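Visitor: Input: one structure, supplied below.
The values are calculated or read from the model by the stated rules, or taken from the named source; none is laboratory data. Keep in mind it's a predicted model, so treat the numbers as computed, not measured. Using ideal geometry, Cβ is built from the backbone for each residue, glycine included, and neighbour counts are taken over all protein chains shown. We work out accessible area using only protein heavy atoms, side chains counted, and drop any ligands, DNA or RNA first. Shrake-Rupley method; radii C 1.70, N 1.55, O 1.52, S 1.80 Å.
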Amino acid sequence: MVVDDHPMWRDGVARDLGEAGYHVTAAVGEGEQALRVAPAARPDVVVLDLQLPDLPGVAVIRGLRDILPDVRILMLSASGEQRDVLDAVKAGATGYLVKSAGRQEFLDAVRRTAEGEPIFTSGLAGLVLGEYRKPGGPRLTERETEVLRLVAKGLSYKQIAERLVLSHRTVQNHVQNTLGKLQMHNRAELVRYAIEQGFS
């Protein structure tokens, strides 16, 4: 489902998705409308503009996740402000892409979002991350911390494996260990945690 109040942009995104083989179940221009049609449209992925005329993007994210708990939400915004990114991720967005991204980058982001991978525009990777070894917090090894930093930057397991010269399986094991230590269930939660720690 595509949610954007600019008709030309909305239609263009829907067309690009259709041409790439995706089934666009709905394309709407307002947050309330998105929340109304979501139960019937049942999208796997929502491409959501942060700035809507009727509701804040963050409210739409929360509403969509209440209606469809498993939905993946890719924010598409003109803003790359730290606060906007952080608020969207805390509300439950899977990823965040700025509108200056190219068509191929966008389609790749949608594909990876559908797979549950957190996606962030490369320019936003610098937001992340700070210190995980908080006093009294879970103890992550240096390697787990390193992998977590790269996960939070939006890198795929394959990219992390190449960057750290590890096997794909080893990277997955590090992520699973980290999820266990932090009592989390998926990569999106892990990225939210990482970003929050980076800003705390």
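Visitor: I'd like to check something: does the stretch 23-37 contain any residue that is loosely packed, with under 14 Cβ neighbours inside 10 Å, closer than 27 Å to residue 193 by Cα and free of Cβ contacts under 8 Å to residues at least 40 places away in the same chain?
Guide: Taking every residue of the stretch 23-37 in turn, none turns out to be loosely packed, with under 14 Cβ neighbours inside 10 Å, closer than 27 Å to residue 193 by Cα and free of Cβ contacts under 8 Å to residues at least 40 places away in the same chain.
Visitor: Within the stretch 69-106, how many residues turn out to be among the hydrophobic types (A, V, I, L, M, F, W, C), farther than 16 Å from residue 6 by Cβ and open to solvent by 10 Å² or more (accessible area, probe 1.4 Å)? Even if it seems obvious, please write down each step before you answer.
Guide: To start, the set of residues in the stretch 69-106 that are among the hydrophobic types (A, V, I, L, M, F, W, C) comprises 71, 73-76, 78, 85-86, 88-89, 91, 93, 97-98, 101, 106.
Next, only the ones that are farther than 16 Å from residue 6 by Cβ stay: 71, 73-74, 85-86, 88-89, 91, 93.
If we keep only those that are open to solvent by 10 Å² or more (accessible area, probe 1.4 Å) too, we end up with 91.
Qualifying residue count, the stretch 69-106: 1.
Visitor: Restricted to the stretch 146-200, and to residues that are of a type in the set (Val, Ile, Thr) and within 17 Å of residue 118 (Cα to Cα), which residue is surrounded by the fewest Cβ atoms within 10 Å (Cβ to Cβ)? Give the derivation first.
Guide: Taking the stretch 146-200 as the starting set, the residues that turn out to be of a type in the set (Val, Ile, Thr) are 147, 151, 160, 165, 170-171, 175, 178, 191, 195.
Next cut, within 17 Å of residue 118 (Cα to Cα) only: 147, 151, 160, 171, 175, 178, 191, 195.
Values: 147: 28, 151: 24, 160: 23, 171: 24, 175: 20, 178: 23, 191: 26, 195: 24.
Result: 175.
Visitor: Within the stretch 147-173, how many residues are assigned to a loop (DSSP other than H, G, I, E, B) and either closer than 20 Å to residue 189 by Cα or touching an Asp or Glu at 6+ places or on another chain (Cβ under 7 Å) (or both)?
Guide: As a first pass, look at the stretch 147-173 and keep what is assigned to a loop (DSSP other than H, G, I, E, B): 153-156, 165-167.
Those still in the list that are either closer than 20 Å to residue 189 by Cα or touching an Asp or Glu at 6+ places or on another chain (Cβ under 7 Å) (or both) too: 153-156.
Result for the stretch 147-173: 4.
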